[in-house]
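Engineer: Quick one: structure below, then a few questions.
The values are calculated or read from the model by the stated rules, or taken from the named source; none is laboratory data. Since the model is a prediction, treat every value here as computed from it, not as a measurement. Note that each Cβ is placed from the backbone with ideal geometry, even for glycine, and that neighbours are counted across all protein chains shown.
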Amino acid sequence: MSLETIEFTVAGDGRSVSLSRRAHCGVVGSGDLEVLLEPKTADAAVSVRIVTPVKGFDALWKRVVEHFVAETGLSGLSIDINDNNASPAIVALRLRQALAEAQG
Amino acid sequence: MPNWNRLQTNSFLECSARDRAVGLVDEGSFVELGGPFDRLVSPHLVALGEAVENDDGIVTGVGRIGARPVFVISQEGRFIGGSVGEVGGAKMVGIIDMAIDFNDRLVAEFPDLPPSARPLVAISFETGGVRLHEANAGLLAHAEVMDALQRARHKVPVVALIGSRIGCFGGMGFVAAATDAIVMSEFGRLGLTGPEVIEQEMGKDEFDASNRALVYRTTGGRHKYVMGDANFLVDDTVAAFRAQLADLCALPVSSFEAMRRIGSPELVEKQLRGVALAAELKPSDARDVWRHAGNNDPVGLADGPLADFRKSVRRLAL
Amino acid sequence: METLLGQGRAAIDLIVDAGSFTEGTVGARTFDDPDFGPGAVVGTASLEGETVTVIASDAEAFNEKFPVVYSGIIGLEEGYKMAQAVYATLAADAEKAAASKRPIVLIVDTPGNGPGKVEEIFGMNKATGAYQLALAEARLAGHPIVAMVVGRAISGAFLCHGLQADRILSLTSEFQTMIHVMPITSVSRIIKKDVELLEALAKSNPVFAAGPAFFFKLGGVERLVETIDGMRPAIAAQIADIRKAKADKAATALTGPRGRGALGAERGGRTVRPKVQELLRSEFAAVEERFRPRAN
């Protein structure tokens, strides 16, 4: 009955699009999530941490975030997610919104 | 941060807690305190394996309206119904305490500081009260908020803004009642016992919780305006709530006493005249009270445009 | 084991000095109408020789005008009547120094606020909200307020009649005292978690389980009282202690809701609360300059 924490890193593809500032997006409603994006200087990798009550979807999370990183060319940031049973489409949407917020 | 100008025309009802907080104060002035990057998640939700939010469902911070520092508390109904637990309650109390402390220090330093430059607290409610996942801690936090409101009396005005989906119920219904001024939209609801519980207690014949019009007639903004519980009834936009809050920001704290509904022996006597009326009228519907207040066509009044309502409504005089 | 649940009037006589309770008189105010707020019992008594205001609930009373009021429920009239008793107490000692203002003893056995349609139409939240504000005002003015839980202290009703006190005492659960927002079975249904799991978790985390012992761990109850005879001396001792705490200008010993907040951290039941408030303070300090009056 504990919350699941999924942590992994995604290597950037070398385009190194970096964030200038941190951003927050979303509300942890049912079927939704919040995303925190924070630039980090230590290395170029993308560190990901997802906290969710739903177990057993580690591979799916990895695929969705890897796709987002590949699509945007981001590197050198951390992605922090609090999830409440969001669908992959919603996850992708919130990630893009958070990025728009960080770049806006 | 969301675009401030675009926020102003948004429906207040549809706004997230953070958008309300940002949009209520002057453009660019809002500084979030205890924001998502502080990761103040509820340890009790973690223990239960429930989804957490980094602000625990309550956005807190400080902004300005003109020269006035406005301390903001804004509740998020989409996160566990805007319920208040240990962290959220501590944030509310912390903000009110800081407003009082800041006021005391400023007044000591600048005895002639005009009212319009002294701190004020604005609370945008969207909550059913105590969070059941951490019910005991939530209940104790409610008592602390009430205590903080009494401490703010005659020092820092506290304004309630109610126009979000969940309304304002349960223990937070007491908190809203205990503020200095209440601003509502017609979509706001204020009460103690939610409609489902009343139905359960009284039976569906007496109170049908699925009857939306009945629910709004009993606790909605128009009704609370007739009763004098809501001081102001505004349009459902961020700009309208903000404009009303800005008007209030011009007033000294002493002017807020006349807007209160409870908080003095005289006000208790006044409310008891309402209770005597309730015993006499035995209203089966809020419409009976509207009629008693001098509104001959309560149905038409309830259904008509808000602007017409504001112009022609007779409010209950106690 | 004996119980005082549902016996608010009997509890008054067991707590105050024998035969000293005068119902319906508080300072200069009298409550003469027997049909007004019958669920609330207010009056004056002496406790170990000192004059105190007593406020309790009568579980056997039924309010004919507001039929949701029975079994100790606090209705519209009851809430305002209790507030009147507090304001009458404030008025009675208005000229006295803070240190000699009379205590208020709340005898707690109430299952809830009036949950009806008429109550919502007229605003139940105002009635018991008014009572909470009156108690907070009296507490801050110096009146020592002690709540003694003898039966049910349930959710919003406890918030009104109890949680604004300086100190809260409770008979232990052997006396069938109940302190909770909801029974754990209802919590289980609503938050969709098994009762067994919740009960197991409650062993290490007292935030959702029902009972005086859990509230003690959270700092929500200062002291548990183990015998009926023990109530009077325990209340008197708290009154003395509250006076000492209030006289201390450094306010090192807090009373009231925020005193219980500090106690919650001390007893390990609510440890996050002070950290959250400290963080808010430090973050505001960093930006405070921006919110100070601007130079012309």
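Engineer: Name the pairs: first residue in region C:189-213 and within 22 Å of B:Gly89 (Cβ to Cβ), second residue assigned to a loop (DSSP other than H, G, I, E, B) and not polar (S, T, N, Q), Cβ to Cβ under 6 Å, at least 6 apart or on different chains?
Structural biologist: So the pair list comes out as C:Ala202/C:Ala209; C:Pro206/C:Leu218; C:Pro206/C:Gly269; C:Ala210/C:Pro183; C:Pro212/C:Val221.
Engineer: How many residues does region C:38-73 contain that are under 19 Å from C:Thr128 (Cα atoms), under 19 Å from the mean Cα position of the chain (by Cα) and either of a type outside the set (Val, Ile, Thr) or not in a loop (DSSP other than H, G, I, E, B) (or both)?
Structural biologist: Total satisfying the criteria: 14.
Engineer: Could you please find all residues in region B:3-39 being farther than 23 Å from B:Ala240 by Cβ, away from chain A (no Cβ under 12 Å) and without any contact (Cβ under 8 Å) to a residue 60 or more places away in the chain?
Structural biologist: The one that is farther than 23 Å from B:Ala240 by Cβ, away from chain A (no Cβ under 12 Å) and without any contact (Cβ under 8 Å) to a residue 60 or more places away in the chain: B:Val31.
Engineer: Collect the residues in region B:210-232 that are in a helix (DSSP H, G or I) and either closer than 14 Å to B:Gly173 by Cα or of a type in the set (Val, Ile, Thr) (or both), keeping them in residue-number order.
Structural biologist: Residues satisfying the conditions are B:Val215, B:Thr218, B:Thr219, B:Gly221, B:Lys224, B:Val226.
Engineer: Here's another thing I want to ask about it. If I go through region C:265-287 residue by residue, how many of them are within 7 Å of another protein chain (Cβ to nearest Cβ) and of a type outside the set (Val, Ile, Thr)?
Structural biologist: Selection size over region C:265-287: 8.
Engineer: Give the residues of region B:82-112 that are under 22 Å from B:Glu126 (Cβ atoms), within 10 Å of another protein chain (Cβ to nearest Cβ) and either of a type in the set (Phe, Trp, Tyr) or not in a helix (DSSP H, G or I) (or both), sorted by residue number.
Structural biologist: B:Gly85
Engineer: Now for a separate question. Consider only pairs whose beta carbons are under 6 Å apart and that are at least six residues apart or on different chains; among these, list those whose first residue lies in region A:17-40 and is at the interface with chain B (Cβ under 8 Å from one of its Cβ atoms) and whose second residue is assigned to a strand (DSSP E or B) and of a type in the set (Asp, Glu).
Structural biologist: Hits for this filter: A:Arg22/A:Glu38; A:Val28/A:Glu34; A:Leu36/A:Asp80.
Engineer: Within region B:249-264, count every residue that is assigned to a helix (DSSP H, G or I) and closer than 15 Å to B:Arg153 by Cα.
Structural biologist: Number of matching residues: 7.
Engineer: Moving to a separate point now. Counting only residues that are within 14 Å of chain A (Cβ to nearest Cβ) and touching a Lys or Arg at 6+ places or on another chain (Cβ under 6 Å), which one in region B:57-71 is surrounded by the most Cβ atoms within 10 Å (Cβ to Cβ)?
Structural biologist: Step by step, filter region B:57-71, then rank; the result is B:Ile58.
Engineer: Moving to a separate point now. Scan region C:125-142 and tell me whether some residue there is more than 11 Å from chain B (Cβ to nearest Cβ) and out of contact with any strand residue (DSSP E or B) (no Cβ under 6 Å at 6 or more places or on another chain).
Structural biologist: yes
Engineer: Among the residues that make up region B:44-56, is at least one of them more than 18 Å from C:Val276 (Cα to Cα), more than 7 Å from every other protein chain (Cβ to nearest Cβ) and in contact with a Leu (Cβ under 8 Å, 6 or more places away or on another chain)?
Structural biologist: The answer is no, given that none of the residues of region B:44-56 is more than 18 Å from C:Val276 (Cα to Cα), more than 7 Å from every other protein chain (Cβ to nearest Cβ) and in contact with a Leu (Cβ under 8 Å, 6 or more places away or on another chain).
Engineer: For B:Ser74, indicate whether it is more than 9 Å from every other protein chain (Cβ to nearest Cβ), in a strand (DSSP E or B), in contact with a strand residue (DSSP E or B) (Cβ under 9 Å, 6 or more places away or on another chain) and polar (S, T, N, Q).
Structural biologist: Considered against the rule, which asks whether it is more than 9 Å from every other protein chain (Cβ to nearest Cβ), in a strand (DSSP E or B), in contact with a strand residue (DSSP E or B) (Cβ under 9 Å, 6 or more places away or on another chain) and polar (S, T, N, Q), B:Ser74 comes out as yes.
Engineer: Among the residues of region B:195-210, count how many are crowded, with 23+ Cβ neighbours inside 10 Å and either out of contact with any helix residue (DSSP H, G or I) (no Cβ under 8 Å at 6 or more places or on another chain) or among the β-branched types (Val, Ile, Thr) (or both).
Structural biologist: Of the residues in that region, 1 qualify.
Engineer: Considering only region A:73-99, state which residues are in contact (Cβ under 8 Å) with a residue 12 or more places away in the chain, surrounded by fewer than 18 Cβ atoms within 10 Å (Cβ to Cβ) and over 9 Å from the mean Cα position of the chain (by Cα).
Structural biologist: Passing the criteria: A:Gly73, A:Asn85, A:Ser87, A:Pro88, A:Ile90, A:Arg96, A:Gln97.
Engineer: Now, a different point. Quick one: count up the residues across region C:90-124 that are surrounded by fewer than 22 Cβ atoms within 10 Å (Cβ to Cβ), hydrophobic (A, V, I, L, M, F, W, C) and in contact with a strand residue (DSSP E or B) (Cβ under 8 Å, 6 or more places away or on another chain).
Structural biologist: Result for region C:90-124: 2.
Engineer: Let me ask something additional. Of the residues C:Thr110, C:Thr25, C:Thr53, C:Thr44, which is under 27 Å from B:Ala209 (Cα atoms), more than 9 Å from every other protein chain (Cβ to nearest Cβ) and among the polar types (S, T, N, Q)?
Structural biologist: Going through C:Thr110, C:Thr25, C:Thr53, C:Thr44 in turn, the sole match is C:Thr110.
Condition check ((1) more than 7 Å from chain C (Cβ to nearest Cβ); (2) at pLDDT 95 or above; (3) touching a helix residue (DSSP H, G or I) at 6+ places or on another chain (Cβ under 9 Å); (4) farther than 30 Å from B:Leu24 by Cα) across all residues:
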| position | (1), (2), (3), (4) |
| --- | --- |
| B:Ala250 | yes, yes, yes, no |
| B:Ser255 | yes, yes, yes, no |
| B:Ala258 | yes, yes, no, no |
| B:Arg261 | no, yes, yes, no |
| B:Ser264 | yes, yes, yes, no |
| B:Glu269 | yes, yes, yes, yes |
| B:Arg273 | yes, yes, no, yes |
| B:Leu281 | yes, yes, yes, yes |
| B:Arg287 | yes, yes, yes, yes |
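Engineer: Also, quick follow-up: For the structure I just gave you, tell me whether A:Lys62 is more than 10 Å from every other protein chain (Cβ to nearest Cβ) and either touching a His at 6+ places or on another chain (Cβ under 7 Å) or of a type in the set (Lys, Arg) (or both).
Structural biologist: yes
Results for (1) of a type in the set (S, T, N, Q); (2) under 19 Å from C:Phe122 (Cα atoms); (3) in contact with a helix residue (DSSP H, G or I) (Cβ under 6 Å, 6 or more places away or on another chain); (4) surrounded by fewer than 24 Cβ atoms within 10 Å (Cβ to Cβ), shown as yes or no for each residue.
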{"position": "B:Arg153", "(1), (2), (3), (4)": "no, no, no, yes"}
{"position": "B:Phe169", "(1), (2), (3), (4)": "no, yes, no, no"}
{"position": "B:Ala177", "(1), (2), (3), (4)": "no, yes, yes, no"}
{"position": "B:Ile182", "(1), (2), (3), (4)": "no, yes, no, no"}
{"position": "B:Arg212", "(1), (2), (3), (4)": "no, yes, no, yes"}
{"position": "B:Thr219", "(1), (2), (3), (4)": "yes, yes, yes, no"}
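Engineer: Condition first: in contact (Cβ under 8 Å) with a residue 60 or more places away in the chain, surrounded by 24 or more Cβ atoms within 10 Å (Cβ to Cβ) and not hydroxyl-bearing (Ser, Thr, Tyr). Now tell me which residues in region B:106-124 satisfy that.
Structural biologist: B:Leu120, B:Ala122
Engineer: Run down B:Ala317, B:Ala246, B:Ala307 and say which single residue is exposed (fewer than 15 other Cβ atoms within 10 Å of the Cβ) and in contact with a Gly (Cβ under 9 Å, 6 or more places away or on another chain).
Structural biologist: Result of the check over B:Ala317, B:Ala246, B:Ala307: B:Ala317.
Engineer: Report, by residue number, each residue of region B:113-133 that is in contact with a His (Cβ under 9 Å, 6 or more places away or on another chain) and not in a helix (DSSP H, G or I).
Structural biologist: Matches in region B:113-133: B:Gly129, B:Val130, B:Arg131.
Engineer: Sticking with this one: Of the residues in region B:9-30, how many are surrounded by fewer than 18 Cβ atoms within 10 Å (Cβ to Cβ) and among the aliphatic types (A, V, I, L, M)?
Structural biologist: Qualifying residue count for the region: 1.
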